[in-house]
Amino acid sequence: EQVVEKYGRDILRYYLITGAPWDDFYFKWNEVNDISKSFTIIENTFNFVKTYVTDVKKPKKLNAEDKWILSRLNELIQNCTTNMNSYNGHKAAQDINDFLLNDFSRWYIKLVRDRVWPSYEGTDKAAAMYTLYEVSTKVIRLLAPITPFLAEHAFSILKHLGAKEESVHLTSWPVAGEPNES
């Protein structure tokens, strides 16, 4: 109850899910605090997408960094699907967190920040917006069974970009390599 009161349900849920079920469990407040900090970065990532992605159209050409992050996303989806199907949810949760913090937030968003700036008029702006949207909406769907409240919040702030469903929990699990349907 103290963890939920201080940090929220999703942080406690994520903390409990990320531990391997066969390992002994010892609760550590500093680990929960670290997860809380990583969730702040993840929320800021989705807020960045909400702020700068205004129009989503599939571009004719993607830049190298767009192809790279979409490739990493497809790898993440494959790994998460395999891990969830084999009851290794802790590995899927760790992979999603690593992808969001390192690949998406610390690398990709830093690379494309200038490309989505409102005053930027380059022809590659649409590719960056499309890629940010694709990655965000598919990762939100991966997060839904692990952190339902965070996923629903992120889905609601990106819903204006074209989602048909009322809730992330009404969407299907993403399939690697297929275009986004939401």
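Rank these by accessible area, largest first, 1.4 Å probe: Asp114, Asp55, Asp10. Before the final figure, lay out the partial values.
Details: Asp114 115, Asp55 75, Asp10 15 Å².
Result of the area sort, largest leading: Asp114, Asp55, Asp10.
Taking a quarter of the surface of the Cα convex hull of the chain, what do you get in nm²? Walk me through the intermediate numbers first.
Working: hull surface 42.8 nm².
Dividing the Cα hull surface by four gives the mean projection, 10.7 nm².
Nearest 10 degrees, 0 to 90: what angle lies between the long axis of helix 148-158 and the longest principal axis of the chain (Cα atoms)?
Helix 148-158 sits at roughly 20 degrees to that axis.
Let me check I have the definition right: for segment 1-96, take the eigenvalues of the Cα gyration tensor, multiply each by 5, take square roots. What are those semi-axes in whole Å, largest first?
Values: eigenvalues 189, 79, 19 Å².
Values for segment 1-96, descending: 31, 20, 10 Å.
Taking only pairs that are 8 or more places apart or on different chains, how many Lys pairs in segment 1-136 have Cα atoms under 12 angstrom apart? Present the calculation step by step, with values, prior to reporting the outcome.
Values: Lys57/Lys125; Lys58/Lys125; Lys60/Lys125; Lys61/Lys125.
Taking the Cα cut-off of 12 Å, the pair count is 4.
If I fit a long axis through the Cα atoms of helix 64-85 and take the longest principal axis of the Cα atoms of the chain, what angle between them do I get, 0 to 90°, rounded to 10?
So the helix axis and the longest Cα principal axis differ by about 30 degrees.
Run the quick spin-label model on Val175 and Asp34: label points 7 Å from Cα toward the beta carbon, then report their separation in nm to one decimal.
Placing both labels 7 Å beyond Cα along the Cβ direction yields 3.8 nm.
How about segment 75-180: which GluC sites (Glu not before Pro) there lie in a loop by DSSP and see at most 15 other Cβ atoms within 10 Å? Mind dumping the intermediate values first?
Values: sites: Glu75, Glu121, Glu134, Glu152, Glu165, Glu166; in loops: Glu121, Glu165, Glu166.
Counting only loop positions with at most 15 other Cβ atoms within 10 Å, the GluC sites (Glu not before Pro) in segment 75-180 are Glu121, Glu165, Glu166.
Using the Karplus curve 6.51 cos²θ - 1.76 cosθ + 1.60 with θ = phi - 60°, what ³J(HN,Hα) values do you get for each residue of segment 51-56, in whole Hz, with x for Gly and Pro?
So the J values, rounded to whole Hz, are 6, 9, 8, 10, 8, 10.
Of Leu70, Asn85, Asn44, which is farthest on the positive side of the dipole of segment 1-87, counting Cα position, with +1 on Lys and Arg Cβ, -1 on Asp and Glu Cβ, and the Cα centre as origin?
The listed residue farthest towards the positive side: Leu70.
Please give the charge dipole size of the chain, origin at the Cα centre, charges +1 on K and R Cβ atoms and -1 on D and E Cβ atoms. Round to the nearest 20 debye.
Values: 22 positive and 24 negative charges, 110 e Å.
Here the chain has a charge dipole of around 520 debye.
Segment 140-166 to segment 47-119: how many Å between their Cα centroids?
15 Å
Quick one: 3J(HN,Hα) in Hz for segment 14-28, Karplus 6.51/-1.76/1.60 with θ = phi - 60°, rounded, Gly and Pro as x.
In residue order, the calculated couplings are 5, 4, 6, 6, 6, x, 4, x, 8, 8, 5, 10, 10, 5, 9 Hz.
How tilted is helix 125-143 with respect to the longest principal axis of the chain? Cα atoms for both, answer in degrees (0 to 90, nearest 10).
Helix 125-143 sits at roughly 20 degrees to that axis.
The values are calculated or read from the model by the stated rules, or taken from the named source; none is laboratory data. In this text the structure is predicted, and so the values were computed from the model without any measurement. Neighbour counts are summed over all protein chains in view; Cβ atoms, including those assigned to glycine, are modelled from backbone coordinates with ideal geometry. The protein model used for the area step is the full one, side chains on, heavy atoms only, and it has no ligands, DNA or RNA in it. Shrake-Rupley method; radii C 1.70, N 1.55, O 1.52, S 1.80 Å.
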